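Input: a single structure, listed below in structure tokens.
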Amino acid sequence: MLALKNISYKYEGTTRTIFKDVNLEFSPGKVYTIVGKSGAGKSTLLALLSGLDVATGGEIVYNGENLAKINRNHYRARQMGMVFQSLNLIPTATALDNIVLSMNISGVGGNKTRALELLKTMGISPEKSRRKILKLSGGEQQRIAIARAIAHNPPLIVADEPTGNLDKETEGKVLKIFENIAHEQGKCVIIVTHSRRVTTIADEIWHVEKGIFRRFDGNVNAPQTQKRRRK
Amino acid sequence: MYLLEHAMLNLGKNKGRNMLLLGITFAIITAIVVALSIFNATNLVIEETRTSLQSAVRIVPQMQTLGETGGTGGGQMITGQAAQNQATFTAEQFSDFANSDFVLGWDLQDTPRGTDAVFYLVSPLLLSDFEAELREKGLPENYAVRTDEAAFASIVAPVESLQSLAITFLAVVVVLGGVIMALLSVIAIRERKYEIGVLRAMGLKKRKVAFVIWAENVIITGFCFVLGMAAGNFLSQPISDNILAGQILSNADGESTATTLAERLASESADALSTENFSENLQIDILINATTALQILAISLLLASLVGIISVSQITKSEPIKILMERT
């Protein structure tokens, strides 16, 4: 579904290389978690996967097409849903408007009833759904950001620390939703996290350090170094 | 459709910022309404005056010929004595002149120097034919048949002054107003840079973001257009009357100091023939017709669009990832 082929990346105007020759594959129906220290490049990887940024080397292939060569607006709007670390909700709009707008942009049509239902499954009451984002708590905002990412039913969901602001009970509910989306609805879910609990729902766990991805095969104490392809 | 809904929602969000934009746009559109309606009304007056006065002709002495016959000034100069020495026509002669297929009607008028007449032609194009017919009826060579240039000038001069004031004011308002609107809009859009970054990160295309901003500007402009038309309609008549009165006064002052004796004598007959001083009673009715309203709407929308393009181009240059990273 989504594959990174010899991906390299360095920030514009610097010589610091974040990744070099990274090869990863993501399939539908699975939950992937990416763990690693702050500054290791996890969020950069998500920016590349979401088409917000372009790799300086290699290619990201989505359903057989090079992401750098397709309409990335269309890709972001319809093919994927993203939960940003800083949430990036529209602060002056209501929770409901945020969801409906996302549905409209993706082309599925802004259905308020469906948006309210979705928010309800995230524990946001209809009354709170009509409040402006700034008048909701951090945890509520995080759940709205997750609802926005899945509202248009995209085949790929990319989430950056989606449970960072949630209490344990809500975190459990949200993880159940992600698990359900992947395992029952057959979608691909990629989560960047520091939370060990989040990794419990993962089918594959990847650890990134100094631009090198290592896969954990169910045992976090036994990292397996990713094979690098040589050109 | 959802983009328009989003634009409408945005207008309700930041009331302070939008009220400021609304106030400025309203002031600019009102000024445009006043300036353009005065300009169009004066244009109409000038055209109507030209059409009506070109059909009104009179018999006037020819300056050069009279100067030579008077002999005191020589050349093209004419003296009061020379003018006074010229024979005027009798009412019977004027009646004979008016008995023509080219004449619709005529007025006999008393002047300090005797009797004079104004002939109203069927068409201004028949002037030379009418003059030829009068020559056959005995009109001396030192007289010519002319349109009422003096009356035309006396009406048109203050109107033209008003017109040039209106067009200058319009140009200043459009240019300065446009700059102010653009600055305000750029500041307003910069405040919304993050929101635009989020929308773009969600996959909204640049042109759709631009459409939202443009739609917001157009909605504000449309609202201000309605208010501005009402306010401009109310203000333009008194403003026009005031400026026109000033122009008539200043024209009269200018004429009294600048006119030479010869010029005064040359125009004397024309003034005398006029039973009323046109310019003193001049009133311009400012009516905003459909054409003027469309012109105002077009200028307003053009301003709104230009302002929208300038402000949007500032934001859409940046990639959404950069905007979001700046925020983070």
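Here are a few things to note about the model shown:
- Identity of the residue in segment A:34-86, part of a loop (DSSP other than H, G, I, E, B) and open to solvent by less than 20 Å² (accessible area, probe 1.4 Å), that ends up farthest from the other protein chains (Cβ to nearest Cβ): A:40
- Some residue of segment B:309-321 being modelled with pLDDT of 65 or more, open to solvent by 40 Å² or more (accessible area, probe 1.4 Å), within 14 Å of chain A (Cβ to nearest Cβ) and part of a loop (DSSP other than H, G, I, E, B): yes
- Checking B:38, B:32, B:46 one by one, the residue that is closer than 30 Å to residue B:102 by Cβ and in a helix (DSSP H, G or I) is B:46 and no other.
- Being under 28 Å from residue B:191 (Cβ atoms) and under 19 Å from the mean Cα position of the chain (by Cα) is a property that does not hold for residue A:130.
- Against the criterion of being more than 14 Å from chain B (Cβ to nearest Cβ) and not in a helix (DSSP H, G or I), residue A:113 does not qualify.
- Scope segment A:87-97; condition open to solvent by less than 20 Å² (accessible area, probe 1.4 Å) and within 9 Å of chain B (Cβ to nearest Cβ); matching residues: A:88, A:89, A:90, A:93
- Residue within segment A:27-46 that is within 18 Å of residue A:211 (Cα to Cα) and among the aromatic types (Phe, Trp, Tyr) present: yes
- Of the residues making up segment B:88-110, those that are open to solvent by 70 Å² or more (accessible area, probe 1.4 Å) and aliphatic (A, V, I, L, M) are B:104, B:108.
- Within segment B:1-18, residues that are within 11 Å of chain A (Cβ to nearest Cβ) and under 16 Å from residue B:185 (Cα atoms) reach partners that are open to solvent by less than 50 Å² (accessible area, probe 1.4 Å) and among the acidic types (Asp, Glu) with beta carbons closer than 6 Å, at six or more positions or on different chains, in the pairs B:10/B:216.
- Selection count, segment A:19-33, where residues are open to solvent by 10 Å² or more (accessible area, probe 1.4 Å) and not small (Gly, Ala, Ser): 6
- Restricting segment B:111-144 to residues that are under 29 Å from residue B:248 (Cβ atoms) and open to solvent by less than 30 Å² (accessible area, probe 1.4 Å), the residue that is modelled with the lowest pLDDT is B:111.
- Number of residues in segment B:185-206 that are surrounded by fewer than 18 Cβ atoms within 10 Å (Cβ to Cβ) and more than 10 Å from chain A (Cβ to nearest Cβ): the value is 5.
- For first residues located in segment A:178-199 and under 19 Å from residue A:39 (Cβ atoms), partners that are assigned to a helix (DSSP H, G or I) and of a type in the set (Lys, Arg) and lie 6+ apart or on another chain with Cβ distances below 6 Å form the pairs A:192/A:42.
- Segment A:94-110, subset out of contact with any strand residue (DSSP E or B) (no Cβ under 7 Å at 6 or more places or on another chain) and outside any helix (DSSP H, G or I), residue modelled with the lowest pLDDT: A:110
- Some residue of segment B:218-232 being among the small types (Gly, Ala, Ser), over 17 Å from residue B:39 (Cβ atoms), within 14 Å of another protein chain (Cβ to nearest Cβ) and in a helix (DSSP H, G or I): no
- Residue match in segment B:21-40 (condition: at pLDDT 75 or above, loosely packed, with under 15 Cβ neighbours inside 10 Å and either in contact with a strand residue (DSSP E or B) (Cβ under 7 Å, 6 or more places away or on another chain) or assigned by TED's automatic domain parsing to the domain that holds residue B:179 (or both)): yes
- Residue match in segment A:154-166 (condition: over 17 Å from residue A:88 (Cα atoms), crowded, with 19+ Cβ neighbours inside 10 Å and either in contact (Cβ under 8 Å) with a residue 60 or more places away in the chain or in contact with a helix residue (DSSP H, G or I) (Cβ under 9 Å, 6 or more places away or on another chain) (or both)): yes
The values are calculated or read from the model by the stated rules, or taken from the named source; none is laboratory data. All values reported here derive from a predicted model rather than from experimental measurement. A quick note on method: Cβ atoms are made from the backbone with ideal geometry, for glycine too, and the neighbour counts reach across all protein chains shown. Heads up: the accessible areas ignore ligands, DNA and RNA and are worked out on the full protein's heavy atoms, side chains in. Shrake-Rupley method; radii C 1.70, N 1.55, O 1.52, S 1.80 Å.
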